[in-house]
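S.K.: Got a structure for you, written out below as structure tokens; questions coming shortly.
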């Protein structure tokens, strides 16, 4: 599958951007070993804007950590260029780049107290003692670590250690701050808390940040833009809303959230749009593909509405051109507190998964029961055509 132009997916046409801090031009990284040749990065083109929080998201082995290491200077591209503030830095070693990294394991010095851990980079740079003290105190305040300067790392909680690691990185005032899955060692509750703290600090300091994770929730909650990667390629680059509501490929649609794949066929394709036939109806949608790339149709499960036919006798007589109506039976339900997950078998045997959100005015007991005859409504505007490497649409 050939991903569509990531830059075209980043923002709406005509939108203005801050200055570009980092640009990757055709970056490729190949590793040769006794097991053969592995292309970890495949012709990566990417712009990173001043002050933004950019997250590189993808499954294990997709190339996101290699991309971060190329940015940091720990890896040299096999081909392509890394441009920082308009100057080539492809071969510049890591210790010469105006960047700092927050690691997964914190990498704190266990024999140094909090103050000395944070001040370490400034001392290497031979900053005056008075300025070091002043800058450490400011960062301790920003990181909510006031009063902890004399403690050793072993006397801190996991969240406090993470804030010390972040403080040590930001105090040197890097041009770009890099994060290598920094929250993966924390429990779920602390991870939720810390992602808010990281975002707050990043916005307060205004530092350009690149964050690597495989956690979709982290990426959606923290990012200005998300880079979705698969097999060494950029699948899509865009805001959290764009990659969720307007995915360009089946991989993106199913990796970020869940995708309900709809059986369809292509009636015709024009410039930027395609007409699909699904469930006996025709629907014209935006076409993200090119050069005859196969398409399929998807919808988010929360966009489907499932109603028991018996609960509304007039339902069968209603007509609404804005929705596609399908009949079937409710086959299973899962009550998950804030929502219920429903599985419907249509009259033609197709299985569809839907999500029904619960709120104070809604009674989950009023949902249809297993075995009930139901009607599924699919809003036409919620259906998306996406590139499908498995050629679902024929």
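S.K.: Check the stretch 200-208 and report whether any residue there is in contact with a strand residue (DSSP E or B) (Cβ under 9 Å, 6 or more places away or on another chain) and within 17 Å of residue 160 (Cα to Cα).
M.R.: Yes, the stretch 200-208 has at least one match.
S.K.: On to the next question. Check 98, 93, 77 and return the single one that is touching a helix residue (DSSP H, G or I) at 6+ places or on another chain (Cβ under 9 Å) and on the phi < 0 side of the Ramachandran plot.
M.R.: Step by step, each of 98, 93, 77 is checked, and only 77 is touching a helix residue (DSSP H, G or I) at 6+ places or on another chain (Cβ under 9 Å) and on the phi < 0 side of the Ramachandran plot.
S.K.: Can you confirm whether the stretch 129-138 contains a residue that is touching a residue at least 60 places away in the same chain (Cβ under 8 Å) and surrounded by fewer than 18 Cβ atoms within 10 Å (Cβ to Cβ)?
M.R.: no
S.K.: Find all pairs meeting these conditions: Cβ atoms under 7 angstrom apart; at least six residues apart or on different chains; first residue within the stretch 26-49 and over 16 Å from residue 67 (Cα atoms); second residue part of a strand (DSSP E or B).
M.R.: Sorted first by the residue in the stretch 26-49, then by its partner, the pairs are 37/30; 49/20; 49/21.
S.K.: If you don't mind, there's one more thing I want to ask. Would you mind stating whether residue 46 is surrounded by 15 or more Cβ atoms within 10 Å (Cβ to Cβ), touching a helix residue (DSSP H, G or I) at 6+ places or on another chain (Cβ under 6 Å) and not in a helix (DSSP H, G or I)?
M.R.: Criteria not met by residue 46.
S.K.: I'm told residue 115 meets every condition in (1) modelled with pLDDT of 95 or more; (2) surrounded by fewer than 16 Cβ atoms within 10 Å (Cβ to Cβ); (3) not assigned by TED's automatic domain parsing to the domain that holds residue 224 except one. Can you identify the failing condition by its number?
M.R.: (2)
S.K.: Of the residues in the stretch 5-46, how many are modelled with pLDDT under 80, touching a strand residue (DSSP E or B) at 6+ places or on another chain (Cβ under 9 Å) and on the phi > 0 side of the Ramachandran plot?
M.R.: The total comes to 0.
S.K.: Determine which member of the set 177, 234 is touching a residue at least 40 places away in the same chain (Cβ under 8 Å), within 20 Å of the chain's Cα centre (by Cα) and over 22 Å from residue 116 (Cβ atoms).
M.R.: It is 234.
S.K.: Do you know which residues across the stretch 59-74 are touching a strand residue (DSSP E or B) at 6+ places or on another chain (Cβ under 8 Å) and at positive phi?
M.R.: Scanning the stretch 59-74 gives 63, 73.
S.K.: Kindly establish whether residue 241 is assigned by TED's automatic domain parsing to the domain that holds residue 79, out of contact with any strand residue (DSSP E or B) (no Cβ under 7 Å at 6 or more places or on another chain), under 26 Å from residue 178 (Cα atoms) and at pLDDT 90 or above.
M.R.: yes
S.K.: Looking at the stretch 142-164, which of its residues are more than 29 Å from the chain's Cα centre (by Cα) and either part of a loop (DSSP other than H, G, I, E, B) or in the same structural domain as residue 197 (by TED's automatic domain parsing) (or both)?
M.R.: 145, 146, 147, 148, 149, 150, 151, 152, 156
S.K.: So which residues in the stretch 89-101 are over 20 Å from residue 51 (Cα atoms) and outside any loop (DSSP other than H, G, I, E, B)?
M.R.: 94, 95, 96
The values are calculated or read from the model by the stated rules, or taken from the named source; none is laboratory data. Fair warning: this is a prediction, and the values are worked out from it, not measured in the lab. Note that each Cβ is placed from the backbone with ideal geometry, even for glycine, and that neighbours are counted across all protein chains shown.
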